[in-house]
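Quick notes on the structure that follows.
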Amino acid sequence: MNTPKTPVEKPIAIDANTWVLVLTGAGVSAESGIPTFRGSNGLWENYPVEYVASPEGFMRDPALVWRFYSERRAFAKTCSPNPGHYALKDLEERLGDRFLLVTQNVDGLHRKAGSKRIVELHGNLFTTRCSQCDRIPFEDEDEYMGGTLPACALCAKTGKKSLLRPHIVWFGEMLAPENLSRIQAFMAQAAGNRFVFVAAGTSGVVYPAAGLVISARKLGGETFLVNAEPAENTEVFEHFIQGPSGQILPRLFS
Ligand code: BJW
């Protein structure tokens, strides 16, 4: 497919009939100081990210995995949203229910900026759940850098020893079906109207997020990619605007 470059100076036309679905990735938080995944060669302390962000990794060494997430919790607490996050919050205020933000980021910066209609596709850094039982995931800002690992108090009542785990979608794990249904329902509604799909700051490597652009195109959406460099799936988009999302998103939705 042909991928023309759209002049950054030209904002996306938005009227009372326009529905906008935005997918964000790690690049949107880069200007807030949070490292991207593939930018750091996918390594944390020389471990491949898959080593500490997978169910196998947690079974092998839960203390290491908790340290990885605790460090990220500690750092994310110090970070603030950037103009890209705020541009999406402002757009949501203009469009209301005709807007949906799907983020692969777990850092919570979109919520910090004030976004409300949001699907956190890969989970949230500040949410914890039990690795064994079905208790509802809960907010948790605690850090577990060493010593005793957090255990599930509900399982303990029945004499079971279960570890708590970060509420993150690790490699090879299923995404929450209710999140996928919410995105599909939004797209179905958007399809009968002017439908705009924007992906920002994502390498287009990880599925099913990387496939959303294909669904959007099948439903007649006009598709835009805003990224610092070409993504793995750039050719699927109709427009590619190259550059930092913190500068481009505010201009695109002005
Ligand atoms: C800027 C910028 C600036 C920088 N401005 N831009 C179909 C085909 C092939 C494989 C699969 C498939 N379907 C499923 C799979 C398997 C797998 C997968 O996709 N693997 C691929 C790696 C090949 N998917 C899964 O396992 C998913 N589960 C699933 O599908 O279940 C069903 C199933 C199971 C098993 C088999 C088959 C099906 C779950 C995926 C969960 C991903 N989780 C992670 C880790 C979370 C850990 C954590 O956060 O702690 O989520 S992976 C990691 O990548 C993280 C991210 O959310 C995700 C996406 O990364 P993102 O956001 O794109 O970041 P980067 O770093 O890659 O890119 C940043 C971009 O920004 C770059 O392009 C920069 O240039 C740019 N940039 N600064 C604008 N200022």
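Rule-based calculations on the coordinates, nothing more; no lab input. The shown structure was predicted, so the numbers you read here are calculated from the model rather than taken from an experiment. Neighbour counts are summed over all protein chains in view; Cβ atoms, including those assigned to glycine, are modelled from backbone coordinates with ideal geometry.
Data overview
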quantity	calculated
Fully extended contour minus Cα-Cα distance, from Ser254 to Gln189, at 0.36 nm per residue	21.0 nm
Amide H contacts of Tyr144 (H built 1.01 Å from N, under 5 Å, at least 5 apart or other chain)	Ser70
HN-Hα J in Hz across segment 149-166 - Karplus 6.51, -1.76, 1.60, θ = phi - 60°, x for Gly and Pro	7, x, 10, 7, 5, 5, 5, 4, 5, 9, x, 9, 9, 10, 7, 6, 9, x
Bridge type composition, the chain - antiparallel percent by DSSP, nearest 5	25 percent
Karplus-derived 3J(HN,Hα), 6.51/-1.76/1.60, for each residue of segment 15-25, Hz, glycine and proline x	10, 5, 10, 9, 10, 10, 10, 10, 10, 10, x
Spin-label zone in segment 59-97 - amide nitrogen under 14 Å from a point set 7 Å from the Cα of Glu143 along the C-beta vector	66-79
Using a Förster distance of 25 Å, the FRET efficiency for Asp61-Met174 (Cβ separation, nearest 0.05)	0.65
Residues with amide H under 5 Å from that of Arg135, placed H, sequence gap 5 or more	Cys130
Least to most buried among Cys152, Cys133, Cys79 (fewest other Cβ within 10 Å first)	Cys133, Cys79, Cys152
Amide hydrogen neighbours beyond the local backbone of Trp19, cut-off 5 Å, H modeled	Arg194, Phe195, Val196
